[in-house]
Structures are given as structure tokens and as C-alpha cells.
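Everything below concerns the one structure shown next.
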Amino acid sequence: MQRKLNEMLNPKQIDFMLADDKVINLLTGSVRSGKTYVSLLKWAVFVATMPESSEFLMTGKTLTSLKRNCLGLLQDLVGKNFTYSTSQKMGVLFGRKIWLEGANDERAESKIRGMTLAGAYVDELTQIPFDFYSMLLSRLSVKNAKLYATTNPDSPTHWVKEMIIDNEEIEKAIWTFSFDDNEILKKENEDYFNNLKQQYQSMGGVYFERFILGLWVMAEGVIYRQFANNPELFIKDKAVDENGDKINFLIISIGIDYGATKGETEFKATGITSQFKEVWTIDEEKLHGLYAPEQVYQKFVDFYKRVVVDYGKVTHCFADYGALGQVLTYGLNRYLQQNGIPLKVDDCIKGQINDRIYLDCYLFANSRRFILRKCKYLIEAYKLAVWDEKHEDTRLDDGTTPIDDLDASEYSMFPFYDKLMMNIKQF
Ligand SMILES: Nc1ncnc2c1ncn2[C@@H]1O[C@H](COP(=O)(O)OP(=O)(O)OP(=O)(O)O)[C@@H](O)[C@H]1O
Ligand SMILES: [Mg+2]
């Protein structure tokens, strides 16, 4: 058994596999360090040894992220012993029923309220609301029930750090995995690991410290470091590919921020290339001062037409829905219809600002994010954005830096987050 394990697992993973589990078992640390792999293995063994009639839950921030990060890998690990359907939100692992649930929507907590669980698996624990976690713990009422969770570090004041890791009053085992712990994969893919480290190094700051060094640290200073340090790498005069040919974008999406209170409205047009490889900001418009709704609509139509003339199409449009946003969007859609413009404006998906920020930083780090030089407001906004020193993991939004430009740009691209991130976990 021991020899077999040596071939299959990294030393840190073997320690974890052989250890006695506690009620709460948390694996934290660097990216790609083998936490998910080994925790799923142990989860499978745990589930298989619990009574057959017991029920279990696997959860993550969303069902999509749970699927992407865990469900496929679990199948690779145990083969036919795990089958699942995300539409039915259910799986079967060694004959035991596994509920699958995303924790990121407001109703999630009520969905697990009535459950009686013998075990739970949580992917990316820091992304789960505390209320959901407490409800989950209270559902683990079967004898010997256990919770397994993985996470990358977050802020030192995050509830996971304060309520679990630093909490001496609960029965828990905390395992910390480092970037060098995944020896098996590292041996096979030395270049991949070096590149990954370099990528995070260039993203700098909090991303390097948390995701490579595995530290629970505050986010401080300039946000888009890579861009701010060397903007010319990402600023282009024309939207052309490496052969100098005009890019034929797969998607052209406009983001609208109405900026109701500040009287500044932003339009940002974003082009996404085929296979969701690159993201280009190709045009922008800023309306200074207060406008009547009809004037905003006409300005939008002018902007839309400009993009269509330059790039042939606009495929999507997402608008802010805060304050009177929805009313304006309703009016805008009517206006577009009346003017024969074949475009529907949808409410944006706000998500968590930090996910939007991470997406940009990740794309910059991979040289997949470009901005046309003429989009000077957005360029300025990327240079100036900083973390708020007074609030945990928050982008400073006190009027001293131009946040609305970033919002509008993020609204245009965030709906494609999953597709843009798809190749983050290539191995
Ligand atoms: N013992 C192993 N043998 C072979 N491959 C492994 C082993 N452990 C991990 N891997 C592979 O290494 C990669 C990273 O592992 P894993 O996803 O478990 O890391 P992680 O710590 O959960 O990373 P992240 O923080 O990015 O989620 C995965 O592709 C996984 O399949
Ligand atoms: Mg993982």
C-alpha cells in the first residue's frame, strides 16, 4: 500500500491520506499544489465507508466552477464509481447520493436547510458565504460526519482564517500545501510550473503572495500592476493580429455604466477573439455632465454605429442596473427597437468585483488583454486603480480614481468569465 501510494501521490498528499480525519478538514495553500486531487481521493474513500443510505453534498461557488474544478477530476479518479448530472444537481459516488449545489446565490442556504448530511465537500471555501457554511455545518448531523474543503488563501481577516484556521475551539485539521509540493506534476511539467510562477510574479502583490507563497495577506497598492508597470505592452494602435491582419472578433460586447449619481455615462466596446483567447478594448465613449435619457440613447446609437462601421457588428450589450439603471435600459431597448437597431441590452452580471479584477489581471499576465490607444480613459483607469487600505479586498472607490470606466469595461466582458478562464487549469 505504502509503495503504491508513493508512486501515486506526493509526500504531502500521502501524509494527508494516511492521517486521521477530524470533523473539519481544510486544505489551504498555493495554486496547483495538489489539494483538490488528494482531497477528492480522500472524499471518495470517506463516502464509500459511510452507511449506504447516507446523503452527502458537494458544493462550490457555482455549479459551473464545481464541475470545472472537481467533478471531472473525481470521475478521473474513481471512474464509473462516480456519475453525476448538473441539471439534476445530483451525483452517485460508490452508490451514495451526492447533492450538488452552487453556494453563490441567495437561495443556496435555504436549499440545504432541510438536509441531513453525512459529509460535505467544499471547493474554494473562501468563496462561500459564511451563512452558507454555518448552515452546512449544522446539517452534518450523522455520526462521524465530516467536512472536506480546499481553498487558496485570502485576506487575513477573512472568516475562513478567523473562524476556522485560527479558531482553537473547534475540531479541525488544517493542511497547508506549498507551490513545490506537487512533485509528480512538477517533474513532468517543469516549464509549466516555471511559467505559472512567473505569471503570478508579474501579476505581483497579493496574487503572488496568496497563490504562490500561500500567505493570508491583505491586498495593497496598485491593482493592475502588470499594466501599470509597462502599459505599452498592452496598448495597441490597431486591432490587428501578429500578421498585421485586421482581427475578426468572435464577440463584440458593449458595457454601459450610467453613472447616475456622478453624471458621467460610459460606453466601452470589447472584442473577444475566437476560442475566447484575447480581449481587446476597441472603443469607448464618455458622456460628461447630465443628459436627458433620450440624449443618452442617441449617443449610444451613435457609438453603436461607430463600432459597427469599424468592426462589422455588435453582438452583446450589458448595462448597469443600479439606481435608475433598469429604467434607463428599458427606455434604451425601446429606443433601439424604434430605430431598427438589432441589439438587446441586458442587465450586466456584476458578480464579485474581485473576480472581475482577477479576470483582467489574469488576462494581462497571460498577454491576452489589449487596449486600443484611443481608449484613453480606460487606460488611465487601469493605471490609477488601487486597493483600498481601509477595507478588506476592496478596490478604492472614493471618487479619487476613475472606477466607472472599469465597471463599464467589466460589464462587457464578465459574462464570458468562464469561457475566458477555461484554459486556466490546463493540467
Ligand atoms: N498525485 C498526483 N498525480 C498526478 N497528478 C496530480 C497529482 N496531484 C495533483 N495532480 C494534478 O496536478 C494539478 C494540480 O492539482 P490540484 O488541482 O489538486 O491542485 P490545487 O492545489 O487544488 O490547485 P488550485 O489551488 O489551483 O485549485 C491537477 O491537474 C491535478 O490533476
Ligand atoms: Mg483546487
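All conditions in (1) within 16 Å of ligand 2 (Cβ to nearest atom); (2) in contact with a Cys (Cβ under 7 Å, 6 or more places away or on another chain) hold for TYR358, with the sole exception of (2). Here TYR321 fulfils each of the conditions (1) assigned to a loop (DSSP other than H, G, I, E, B); (2) aromatic (Phe, Trp, Tyr); (3) closer than 25 Å to LYS238 by Cβ apart from (3).
For the range 273-290, indicate whether the set of residues that are in a loop (DSSP other than H, G, I, E, B), of a type in the set (A, V, I, L, M), over 28 Å from the mean Cα position of the chain (by Cα) and farther than 21 Å from ASN366 by Cβ is non-empty.
Pass one, the range 273-290, residues in a loop (DSSP other than H, G, I, E, B): 273, 277-278, 289-290.
When the remaining residues are screened for being of a type in the set (A, V, I, L, M), the result is 290.
From what's left, over 28 Å from the mean Cα position of the chain (by Cα): 290.
Those left that are additionally farther than 21 Å from ASN366 by Cβ: 290.
Yes, because at least one residue in the range 273-290 is in a loop (DSSP other than H, G, I, E, B), of a type in the set (A, V, I, L, M), over 28 Å from the mean Cα position of the chain (by Cα) and farther than 21 Å from ASN366 by Cβ.
Residue by residue, here is whether (1) part of a strand (DSSP E or B); (2) under 29 Å from the mean Cα position of the chain (by Cα); (3) near ligand 1 (Cβ under 10 Å from one of its atoms) holds:
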{"position": "ASN6", "(1), (2), (3)": "no, no, no"}
{"position": "GLN13", "(1), (2), (3)": "no, yes, yes"}
{"position": "PHE16", "(1), (2), (3)": "no, yes, no"}
{"position": "LYS22", "(1), (2), (3)": "no, no, no"}
{"position": "ARG32", "(1), (2), (3)": "no, yes, yes"}
{"position": "SER39", "(1), (2), (3)": "no, yes, yes"}
{"position": "VAL47", "(1), (2), (3)": "no, yes, no"}
{"position": "GLU52", "(1), (2), (3)": "no, no, no"}
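Quickly run through the range 212-231 and pick out the residues that are part of a helix (DSSP H, G or I) and among the small types (Gly, Ala, Ser). ALA228 - this is the single residue of the range 212-231 that is part of a helix (DSSP H, G or I) and among the small types (Gly, Ala, Ser). Restricting the range 98-135 to residues that are small (Gly, Ala, Ser) and part of a helix (DSSP H, G or I), the residue that is nearest to GLN88 (Cα to Cα) is ALA108.
The listed residues are ILE247, ILE256, and the only one of them that is at pLDDT 95 or above, crowded, with 22+ Cβ neighbours inside 10 Å and touching a strand residue (DSSP E or B) at 6+ places or on another chain (Cβ under 8 Å) turns out to be ILE256. I'd like to check something: does the range 212-233 contain any residue that is within 16 Å of ligand 1 (Cβ to nearest atom), free of Cβ contacts under 8 Å to residues at least 60 places away in the same chain and closer than 27 Å to CYS70 by Cβ? No - not one qualifying residue is present in the range 212-233. All conditions but one from (1) more than 23 Å from LYS390 (Cα to Cα); (2) modelled with pLDDT of 90 or more; (3) surrounded by fewer than 16 Cβ atoms within 10 Å (Cβ to Cβ) apply to ASP166; the one that does not is (1).
For THR64, only one of the following conditions fails: (1) of a type in the set (Val, Ile, Thr); (2) away from ligand 1 (no atom under 16 Å from the Cβ); (3) touching an Asp or Glu at 6+ places or on another chain (Cβ under 7 Å). What is its number? Tallying (1) of a type in the set (Val, Ile, Thr); (2) away from ligand 1 (no atom under 16 Å from the Cβ); (3) touching an Asp or Glu at 6+ places or on another chain (Cβ under 7 Å), THR64 fails exactly one: (2).
Reported count of residues in the range 314-355, each being touching a helix residue (DSSP H, G or I) at 6+ places or on another chain (Cβ under 9 Å) and on the phi > 0 side of the Ramachandran plot, is 1.
Residues of the range 186-217 that are of a type in the set (A, V, I, L, M, F, W, C), surrounded by 17 or more Cβ atoms within 10 Å (Cβ to Cβ) and over 18 Å from LEU359 (Cα atoms): PHE193, TRP216. The residue of the range 145-163 that is surrounded by the fewest Cβ atoms within 10 Å (Cβ to Cβ), among those that are touching a strand residue (DSSP E or B) at 6+ places or on another chain (Cβ under 9 Å) and of a type in the set (S, T, N, Q), is ASN152. One residue alone among ALA19, ALA103, ALA44 is away from ligand 2 (no atom under 16 Å from the Cβ) and assigned by TED's automatic domain parsing to the domain that holds THR150, and that residue is ALA19. Just one of (1) closer than 22 Å to MET422 by Cβ; (2) part of a loop (DSSP other than H, G, I, E, B) fails for SER141. It is (1).
Condition check ((1) on the phi < 0 side of the Ramachandran plot; (2) at pLDDT below 95) across all residues:
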residue	(1), (2)
LYS22	yes, no
ASN25	yes, no
GLY34	no, no
THR64	yes, yes
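Scanning the range 54-81 for residues that are of a type outside the set (A, V, I, L, M) and part of a helix (DSSP H, G or I) gives THR64, SER65, LYS67, ARG68, ASN69, CYS70, GLY72, GLN75, ASP76, GLY79, LYS80, ASN81.
The values are calculated or read from the model by the stated rules, or taken from the named source; none is laboratory data. Keep in mind the model is a prediction, meaning the values are calculated, not measured. Backbone-built Cβ (ideal geometry, glycine too); neighbour counts: all protein chains shown.
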